[in-house]
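Colleague: Input: one structure, supplied below.
The values are calculated or read from the model by the stated rules, or taken from the named source; none is laboratory data. Keep in mind that this is a model prediction, so the values were computed, not measured. Counting neighbours? That spans all protein chains shown, and the Cβs are built from the backbone with ideal geometry, glycine included. What goes into the accessible areas is simple: the full protein's heavy atoms, side chains included, and nothing from ligands, DNA or RNA. Shrake-Rupley method; radii C 1.70, N 1.55, O 1.52, S 1.80 Å.
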Amino acid sequence: MRASKTLVLLLALTASACGGGNATEESGAYPLKDVTMIVPFGAGGGSDVLSRTIANVIRELKILPVSLLVENRPGSSGAIGYTYVAKQKGNPYTLATVSVSFFTTPLLGASEFNFRNFTPVAAIAMSPYIMAVREASPYKTFDDVKKVRRLTTGTVGVVSDPVLLARMLQNASGITIDTVPFDGEGEVMTAALGGHIDFMLGNPGEILPQIEAGTLRPLAVSTAGRLLSLPAVPSFKELGYPIEHVQLRGVVMPPDMPQEALTFWESALRRVAESPEWKREYLDRFRDEPRFLGSVEFGKVLESTNTLYTEIMSELGLIKR
Amino acid sequence: MTTTAVDRLFAGILLLLGLYIVWNALEYGYMRGTTPGPGFFPLWIGLGLTILSAINIIRSVTGAEKLDATFDATGLYKALSIFAAITVFILLTPFIGMLTGTALLIPVIAFVLRPRWTLRFAATIAAIALVFPVACHYLFAVYLQVPLVEGPLGF
Amino acid sequence: MEPLILLGEGIVRATTPELLLATLIGVLVGLVVGVLPGIGPAAGTAIMLPVAVGFGGAAAIAGLAGIYYGAMFGGAVTSILLGIPGDAPSVMTVIDGHAMAKRGEAGRALGMSVYASFIGGVIGIVLLALLSVPVAQAALAFGPTEMTALMCFALSLVTVLGGRNIIKGFTALFLGMWVGMIGLDPIAGPTRYTFGFVALFEGIEFTVIAVGLYGLSEIFVSLGQETTGKLERYSFRSLLPNLRDLVECKAVLVWSSLVSFFVGVVPGVGSTASTMLAYATAKKYSKNPDEFGRGSIKGVAAPEAANNSASYAAMIPLFALGIPGSGTTAVLLGGLLMVGLQPGPLLFATNPDFVWTVFGSFWIGNMMLVVLTTLLIPVLAGIVFISTAFLYPIVIGLVLLGVYSIHYAMSDVTIALIAGAIGFVMLKLDYSPVPLVLGLVLGPLLERGVRRTLIVSEGNLSIFWESPIALGFFLLTLGVILIPIAMKRVAAFRALPPSL
């Protein structure tokens with residue numbers, strides 16, 4: 001099976017080379033059959049929605065001469081789906097999106113394939129984190145927070161971006177920050193709105209509707225500069241803390257990817273990221289910020305993100321060496 | 001083996017399980033700083049299970065606990081046979097697929113339940129063994145889009 | 001009564017052919033995933049999400065929600081007829097429903113499950129329409145502290161569900177709580193009791209245990225009994241639903257619907273735990289608690305009214321606050337986003353037509369389900385006439401495929417088989433499986449509640465009595481435990497001969 005796939009690919013590469021090596025991505029020989037995007041989680045979650053929106057936009061933009069199919073392979077915190085992708089060595093017909101579990105599951109020892117076993121393709125959107133308090137909170141601005149000794153915040157699961165940010169903030173500000181792990185985003189929001197935790201860190205998709213309803217108040221954002229959607233809210237950097245961490249919505253492929261396929265997808269995803277369809281169907285809907293990173297840059301971000309998670313998980317005693 | 005003996009054996013296993021839970025709980029950590037750690041609840045649950053199982057053993061030995069149920073030989077044989085058949089099904093699934101597996105499992109279970117087959121019974125079971133996987137293919141794989149484990153023949 | 005007028009208008013808007021079709025498809029899928037053992041509403045909605053989104057707008061959400069409450073109707077069928085919980089919230093229906101079926105009253109039990117589901121549904125929808133916003137605000141008061149107190153109260157009620165031998169009941173409860181702790185510790189992170197199996201990292205799914213413990217063990221146990229001759233006692237008359245039962249159960253129906261509605265609103269509790277609480281209180285405050293567990297019609301009425309009512313309650317945080325409180329409502333949230341709506345506190349204000357149309361579709365879906373299930377009862381109840389030699393191979397096949405379909409994992413099938421074997425031994429040795437499943441659901445909620453609370457308070461225990469809601473539940477818990485003891489003492493004192 002694998003041999004025949006390689007053969008097909010070789011033929012494809014030869015064909016395109018013979019064609020002058022100048023074939024555009026649309027007319028090139030490469031996608032000879034349907035491409036599958038693996039979602040290592042169930043339907044309805046963030047990764048699923050991201051993958052399905054990418055597939056929709058690619059269809060609308062007619063980037064592919066074939067179909068992009070979305071397939072859910074959930075289980076074992078993403079290990080089943082990501083393992084499936086990592087094992088498709090050199091298969092240019094498999095894609096997957098990146099998530100927090102992409103890093104944490106292998107670090108926990110629950111999967112033998114870590115980020116190095118994948119080919120980074122591109123990042124096509126960026127989701128910042130917003131630090132917000134409930135409307136009745138005594139903290140009106142970030143200055144009010146600086147004076148307190150200790151704060152509590154919430155997270156989904158033990159290792160997450162809010163945990164990372166809370167640790168960074170604790171180290172930078174000297175305020176003790178305790179993170180309470182909950183079972184879902186809904187529970188964290190309930191705890192924040194009900195005043196059971198002091199503040200929460202969330203993506204714009206969940207926080208902005210609450211801010212617009214007047215139930216949450218933003219204090220700071222985790223990007224280097226201010227957000228387009230919240231021009232009045234300072235970033236941590238502006239406030240004097242060296243904190244910058246965002247979630248990149250990115251795509252990876254199996255290892256040993258032929259350059260042809262990688263280039264094809266890198267430019268295809270660039271077209272997605274820059275299209276008005278993407279803005280309308282993803283960025284506006286999920287309130288993410290536009291951002292595009294190519295394969296090399298995205299690979300560097302994967303590396304540094306993994307380092308961050310490794311550090312925090314060692315601190316928490318979750319990585320046994 | 002009498003039901004009472006099984007009762008004591010089961011309580012004994014639970015007692016050992018309780019001790020195992022406690023032993024691991026201590027390793028996980030009773031407290032983390034000022035808050036209960038991963039071992040806090042398991043420790044108490046393990047202790048509870050150990051003590052309750054000890055009481056169950058004592059009650060059984062002193063005759064305070066009397067059981068009506070019996071392990072009749074036929075029932076036990078049938079239950080064990082079906083358990084074994086399902087175990088074989090689980091082990092074979094990766095090689096023959098789930099639908100082929102159920103097609104083979106159905107006559108085996110029917111044989112355990114009714115060892116003497118008439119021609120009519122055999123025909124009915126054969127029909128069920130053939131129709132069931134097909135129906136399940138449509139119900140699970142097509143209608144509910146569940147990726148069932150497939151055998152080398154693609155079903 | 002303005003909300004009821006809005007609901008009425010929503011019902012009218014939900015009668016367009018497109019919405020009727022989406023609702024019908026939703027409730028049919030719901031019935032199927034409910035009836036199939038193992039696979040339930042969470043998996044059902046997730047599987048159908050891509051299809052439903054294709055309907056667009058209110059039709060998409062009407063269809064997805066239909067799967068959720070449709071599964072509540074369907075779950076009772078397998079629970080009653082086969083003793084296998086069709087999905088997690090119908091696990092309490094097995095206790096009395098299957099006992100009734102074994103007595104030859106399958107039709108009566110199924111009939112009650114339909115009435116109860118419908119009444120629970122109607123109460124749930126009306127409360128959803130009337131009280132969404134205030135109830136959602138009240139649910140926010142439930143943080144980890146209040147959750148801990150609620151779980152203590154729930155566990156104190158477990159004593160009435162312990163079975164004949166109370167010590168064995170508690171043994172099963174502790175065993176269940178331990179099983180609930182297998183997997184990654186959700187608070188501190190390390191894995192616990194996974195024996196090195198990666199398949200156990202995410203913990204053991206409740207439904208897998210419930211199907212094995214009730215369903216497979218029931219099959220194993222019944223093999224030992226001579227079933228021939230017993231079947232002859234069934235008559236077609238016994239398969240007909242009975243309207244008189246409805247009058248007898250009216251108090252239980254209303255009470256269970258209300259209890260599980262208000263408990264089910266709290267994000268994180270879920271319809272299974274609220275159904276358990278409703279069943280336990282129904283038994284505890286029944287004039288005749290001993291009839292529960294032995295095939296009482298009220299034991300079918302209580303959980304079925306409760307799980308339907310709870311399914312609508314679970315949607316309140318989603319629609320009123322934009323908060324998904326359970327796995328199923330998280331999928332609905334994904335659906336809302338994918339059809340281009342922004343869930344959040346402003347959804348009612350910015351898209352009132354949409355929200356009320358969806359609520360209207362609940363009403364219509366509930367009506368559809370009553371008609372569908374009433375028509376199906378005679379057919380379904382006829383299953384009792386099928387010889388076990390034909391029935392069991394099919395049922396076992398469905399159990400194996402249904403359990404696999406929850407997470408697409410063969411390891412779950414293995415776990416269900418082991419649970420079935422343990423359940424078989426437990427039934428023989430008079431350990432009730434009920435406390436085990438209660439421990440499995442409530443134990444982790446209690447543990448997480450306590451540990452979260454103490455993280456917030458830095459280990460300071462006074463937080464537990466500083467919250468008025470928590471204090472209230474703790475006092476209720478004490479009352480539940482102490483009052484029967486005190487009453488026994490008084491009774492014993494009165495019974496003493498006067499000379500002493």
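Colleague: Select, from B:Ile57, B:Ile51, B:Ile45, B:Ile106, the only residue that is of a type in the set (A, V, I, L, M, F, W, C), over 21 Å from the mean Cα position of the chain (by Cα) and farther than 29 Å from C:Gly183 by Cβ. Can you show your working first?
Modeller: Numbers: B:Ile51 fails: farther than 29 Å from C:Gly183 by Cβ; B:Ile45 fails: farther than 29 Å from C:Gly183 by Cβ; B:Ile106 fails: over 21 Å from the mean Cα position of the chain (by Cα).
The conditions single out B:Ile57.
Colleague: While we're looking at this one, here's another question. Select from segment C:405-416 the residues that are open to solvent by 10 Å² or more (accessible area, probe 1.4 Å), in a helix (DSSP H, G or I) and touching a residue at least 60 places away in the same chain (Cβ under 8 Å) and list them in ascending order.
Modeller: The first filter runs over segment C:405-416 and keeps only residues open to solvent by 10 Å² or more (accessible area, probe 1.4 Å), leaving C:406-412, C:414-415.
Of the ones still in play, those that are also in a helix (DSSP H, G or I) are C:406-407, C:410-412, C:414-415.
Listed by number, the residues that qualify are C:Ile406, C:His407, C:Ser411, C:Asp412, C:Ile415.
Colleague: Let me ask something else about it. When both residues are 6+ apart or on different chains and their Cβ atoms are under 8 Å apart, which pairs have a first residue that lies in segment B:4-32 and is within 8 Å of chain C (Cβ to nearest Cβ) and part of a helix (DSSP H, G or I), and a second that is among the basic types (Lys, Arg) and open to solvent by less than 40 Å² (accessible area, probe 1.4 Å)?
Modeller: Pairs that qualify, where the first residue is within 8 Å of chain C (Cβ to nearest Cβ) and part of a helix (DSSP H, G or I) and the partner is among the basic types (Lys, Arg) and open to solvent by less than 40 Å² (accessible area, probe 1.4 Å), are B:Val6/C:Lys428; B:Asn24/C:Arg192; B:Tyr28/C:Arg192.
Colleague: Kindly evaluate A:Leu208 against the criterion of being open to solvent by 30 Å² or more (accessible area, probe 1.4 Å) and in contact (Cβ under 8 Å) with a residue 24 or more places away in the chain. It would help to see each step written out before you state the result.
Modeller: Numbers: open to solvent by 30 Å² or more (accessible area, probe 1.4 Å): no; in contact (Cβ under 8 Å) with a residue 24 or more places away in the chain: yes.
No: the conditions fail for A:Leu208.
Colleague: Just to verify a result, which residue in segment A:21-79, among those that are modelled with pLDDT under 85 and of a type in the set (Asp, Glu), is surrounded by the fewest Cβ atoms within 10 Å (Cβ to Cβ)?
Modeller: Looking at residues that are modelled with pLDDT under 85 and of a type in the set (Asp, Glu), I get A:Glu26.
Colleague: Just a yes or no: is a residue in segment C:164-183 at pLDDT below 85 and open to solvent by 20 Å² or more (accessible area, probe 1.4 Å)? Talk me through it step by step, then tell me what you get.
Modeller: Residues of segment C:164-183 at pLDDT below 85: C:164.
Filter again for open to solvent by 20 Å² or more (accessible area, probe 1.4 Å), leaving C:164.
Within segment C:164-183 (the criterion being at pLDDT below 85 and open to solvent by 20 Å² or more (accessible area, probe 1.4 Å)), the answer is yes, since at least one residue qualifies.
Colleague: Out of segment B:76-88, which residues are aromatic (Phe, Trp, Tyr) and within 7 Å of another protein chain (Cβ to nearest Cβ)?
Modeller: Residues of segment B:76-88 aromatic (Phe, Trp, Tyr): B:77, B:83.
Across segment B:76-88, the qualifying residue is only B:Phe83.
Colleague: As an exercise: evaluate A:Tyr129 against (1) at pLDDT 95 or above; (2) of a type in the set (Ser, Thr, Tyr); (3) farther than 30 Å from A:Leu269 by Cα; (4) within 18 Å of the chain's Cα centre (by Cα) and give the number of the one condition it does not meet.
Modeller: (3)
Here is a yes/no grid of residues against (1) in contact with a Pro (Cβ under 7 Å, 6 or more places away or on another chain); (2) open to solvent by 10 Å² or more (accessible area, probe 1.4 Å); (3) more than 14 Å from every other protein chain (Cβ to nearest Cβ); (4) over 27 Å from C:Ile84 (Cβ atoms):
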position: C:Leu20; (1), (2), (3), (4): no, yes, yes, yes
position: C:Thr23; (1), (2), (3), (4): no, no, yes, yes
position: C:Val32; (1), (2), (3), (4): no, yes, no, no
position: C:Thr45; (1), (2), (3), (4): no, no, no, no
position: C:Pro50; (1), (2), (3), (4): no, yes, no, yes
position: C:Ala58; (1), (2), (3), (4): no, yes, yes, yes
position: C:Ala65; (1), (2), (3), (4): no, no, no, no
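Colleague: Are any of the residues in segment B:129-146 more than 10 Å from chain C (Cβ to nearest Cβ) and open to solvent by less than 10 Å² (accessible area, probe 1.4 Å)?
Modeller: No, segment B:129-146 contains no residue that is more than 10 Å from chain C (Cβ to nearest Cβ) and open to solvent by less than 10 Å² (accessible area, probe 1.4 Å).
Colleague: Any idea which residue in segment B:74-121 is least open to solvent (accessible area, probe 1.4 Å), counting only those that are in contact (Cβ under 8 Å) with a residue 12 or more places away in the chain and of a type in the set (Phe, Trp, Tyr)?
Modeller: Residue satisfying both the conditions and the ranking: B:Phe89.
Colleague: What number of residues within segment C:427-452 are farther than 23 Å from C:Gly327 by Cα and either over 23 Å from the mean Cα position of the chain (by Cα) or among the small types (Gly, Ala, Ser) (or both)?
Modeller: Within segment C:427-452, the subset farther than 23 Å from C:Gly327 by Cα is C:427-435.
Right, trim to either over 23 Å from the mean Cα position of the chain (by Cα) or among the small types (Gly, Ala, Ser) (or both) and you get C:428-430, C:432.
Total meeting the criteria: 4.
Colleague: Run down B:Leu43, B:Leu49 and say which single residue is more than 30 Å from C:Glu458 (Cβ to Cβ) and not assigned by TED's automatic domain parsing to the domain that holds B:Ile109. Spell out the reasoning first.
Modeller: Values: B:Leu43 fails: more than 30 Å from C:Glu458 (Cβ to Cβ).
Every option except B:Leu49 fails the conditions.
Colleague: Would you pick out the residues in segment C:177-195 that are in a loop (DSSP other than H, G, I, E, B), free of Cβ contacts under 8 Å to residues at least 60 places away in the same chain, closer than 17 Å to C:Ile415 by Cβ and not β-branched (Val, Ile, Thr)?
Modeller: Those that are in a loop (DSSP other than H, G, I, E, B), free of Cβ contacts under 8 Å to residues at least 60 places away in the same chain, closer than 17 Å to C:Ile415 by Cβ and not β-branched (Val, Ile, Thr): C:Tyr193, C:Phe195.
Colleague: Quick one: would you say B:Gly37 is closer than 30 Å to B:Asn24 by Cβ, surrounded by 15 or more Cβ atoms within 10 Å (Cβ to Cβ), without any contact (Cβ under 8 Å) to a residue 12 or more places away in the chain and facing chain C (nearest Cβ under 9 Å)? Give the steps one after another, and end with the answer.
Modeller: On the way: closer than 30 Å to B:Asn24 by Cβ: yes; surrounded by 15 or more Cβ atoms within 10 Å (Cβ to Cβ): yes; without any contact (Cβ under 8 Å) to a residue 12 or more places away in the chain: yes; facing chain C (nearest Cβ under 9 Å): yes.
Judged against the criteria, B:Gly37 is a match.
Colleague: In the list C:Leu417, C:Leu438, C:Leu454, C:Leu442, which residue meets the criterion of being closer than 30 Å to B:Phe10 by Cα and facing another protein chain (nearest Cβ under 8 Å)? Before the answer, list the steps.
Modeller: Numbers: C:Leu438 fails: facing another protein chain (nearest Cβ under 8 Å); C:Leu454 fails: closer than 30 Å to B:Phe10 by Cα; C:Leu442 fails: facing another protein chain (nearest Cβ under 8 Å).
When all the criteria are applied, what remains is C:Leu417.
Colleague: Another question about this same structure. In segment B:47-75, which residues are out of contact with any Phe, Trp or Tyr (no Cβ under 7 Å at 6 or more places or on another chain), in a helix (DSSP H, G or I) and within 8 Å of another protein chain (Cβ to nearest Cβ)? Can you show your working first?
Modeller: The first filter runs over segment B:47-75 and keeps only residues out of contact with any Phe, Trp or Tyr (no Cβ under 7 Å at 6 or more places or on another chain), leaving B:47, B:50-51, B:53-75.
When the remaining residues are screened for being in a helix (DSSP H, G or I), the result is B:47, B:50-51, B:53-61, B:73-75.
Those that are out of contact with any Phe, Trp or Tyr (no Cβ under 7 Å at 6 or more places or on another chain), in a helix (DSSP H, G or I) and within 8 Å of another protein chain (Cβ to nearest Cβ): B:Ser53, B:Ile55, B:Asn56, B:Arg59, B:Thr74, B:Gly75.
Colleague: Hey, any hits in segment C:385-402 for a residue that's in contact with a helix residue (DSSP H, G or I) (Cβ under 8 Å, 6 or more places away or on another chain), more than 14 Å from chain B (Cβ to nearest Cβ), part of a helix (DSSP H, G or I) and of a type outside the set (Asp, Glu)?
Modeller: yes
Colleague: Which residue out of A:Ala268, A:Ala232 is over 29 Å from A:Arg167 (Cβ atoms) and of a type in the set (A, V, I, L, M, F, W, C)? Working first, answer last.
Modeller: Values: A:Ala232 fails: over 29 Å from A:Arg167 (Cβ atoms).
Answer to the selection: A:Ala268.
Colleague: Which ones in segment C:67-115 are charged (D, E, K, R), in contact with a Gly (Cβ under 9 Å, 6 or more places away or on another chain), part of a helix (DSSP H, G or I) and open to solvent by 10 Å² or more (accessible area, probe 1.4 Å)?
Modeller: Let us first name the residues in segment C:67-115 that are charged (D, E, K, R), namely C:87, C:96, C:102-103, C:105, C:108.
After this cut, where a residue has to be in contact with a Gly (Cβ under 9 Å, 6 or more places away or on another chain) as well, the list is C:87, C:96, C:102-103, C:105.
From what's left, part of a helix (DSSP H, G or I): C:96, C:102.
Within segment C:67-115, just C:Lys102 meets the criteria.
Colleague: Those residues that are closer than 11 Å to C:Tyr68 by Cα and either of a type in the set (Ser, Thr, Tyr) or surrounded by fewer than 24 Cβ atoms within 10 Å (Cβ to Cβ) (or both), I need them from segment C:305-326; list them, please.
Modeller: C:Ser311, C:Tyr312
Colleague: Next question, about the same structure. Would you mention how many residues in segment A:131-174 are buried (at least 19 other Cβ atoms within 10 Å of the Cβ), of a type in the set (A, V, I, L, M, F, W, C) and closer than 25 Å to A:Thr310 by Cβ?
Modeller: Number of matching residues: 10.
So that you can scan it fast, the table gives a plain yes or no per residue for (1) under 22 Å from C:Ser361 (Cα atoms); (2) without any contact (Cβ under 8 Å) to a residue 40 or more places away in the chain; (3) in contact with a Leu (Cβ under 8 Å, 6 or more places away or on another chain):
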position	(1), (2), (3)
C:Ile67	yes, no, no
C:Ala71	yes, no, yes
C:Pro85	no, no, no
C:Thr93	no, no, no
C:Asp96	no, no, no
C:Phe118	yes, no, yes
C:Val122	yes, no, no
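Colleague: So in segment C:336-358, with the set limited to residues that are at the interface with chain A (Cβ under 7 Å from one of its Cβ atoms) and not in a loop (DSSP other than H, G, I, E, B), which one is surrounded by the most Cβ atoms within 10 Å (Cβ to Cβ)?
Modeller: C:Met338
Colleague: Can you list the strands (runs of 3 or more DSSP E) found entirely within segment A:176-277 that contain at least 2 residues being within 14 Å of another protein chain (Cβ to nearest Cβ)?
Modeller: Numbers: elements: A:176-182, A:200-202, A:216-221, A:247-253.
Qualifying strands (runs of 3 or more DSSP E): A:176-182, A:200-202, A:216-221.
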